[in-house]
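Notes to accompany the following structure.
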Amino acid sequence: MSKVSKHVVPNPSGGWSVKNSGASRASKTFETRQQAISYGRDAAKKSRAELYIHGRDGTIKNKNSYGSDPLPPRDKK
């Protein structure tokens, strides 16, 4: 079962929105990017999903995974 990822995207009417992947409507809209990131991070942690943070131009600037990673980093000791 694939988890729905969360995306922090610029809102065309101003501000920033948090959307689920594949959704046409935003889950919630905020005035600042930082507020949207904070809400998106909490939502991604609750649903154990990935969070994609987009820039004003629409490109992905940052990505965080809050689910179970099939290839976790290994200690290099």
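The values are calculated or read from the model by the stated rules, or taken from the named source; none is laboratory data. This structure is a prediction, so every number in the text was calculated from the model and none was measured. Quick reminder, even Gly has a Cβ in these numbers, built from the backbone with ideal geometry, and neighbours come from all protein chains shown. Just so you know, the surface numbers come from the protein's heavy atoms only, side chains and all, with ligands and any DNA or RNA stripped out. Shrake-Rupley method; radii C 1.70, N 1.55, O 1.52, S 1.80 Å.
Which residue pairs have Cβ atoms under 7 Å apart, sit 6 or more places apart or on different chains, and have a first residue in region 22-42 that is open to solvent by 70 Å² or more (accessible area, probe 1.4 Å) and a second that is part of a loop (DSSP other than H, G, I, E, B)?
T29/N11; T29/G15; E31/G15
Can you confirm whether region 45-56 contains a residue that is touching a helix residue (DSSP H, G or I) at 6+ places or on another chain (Cβ under 7 Å), of a type in the set (D, E, K, R), open to solvent by 20 Å² or more (accessible area, probe 1.4 Å) and not in a loop (DSSP other than H, G, I, E, B)? Show your work before the answer.
Let us first name the residues in region 45-56 that are touching a helix residue (DSSP H, G or I) at 6+ places or on another chain (Cβ under 7 Å), namely 50-51, 53.
Imposing the further condition that a residue be of a type in the set (D, E, K, R) reduces the set to 50.
Next, from what is left, pick out any that are open to solvent by 20 Å² or more (accessible area, probe 1.4 Å): 50.
Then drop every residue that is not not in a loop (DSSP other than H, G, I, E, B), which leaves 50.
So far as region 45-56 goes, yes, one or more of its residues are touching a helix residue (DSSP H, G or I) at 6+ places or on another chain (Cβ under 7 Å), of a type in the set (D, E, K, R), open to solvent by 20 Å² or more (accessible area, probe 1.4 Å) and not in a loop (DSSP other than H, G, I, E, B).
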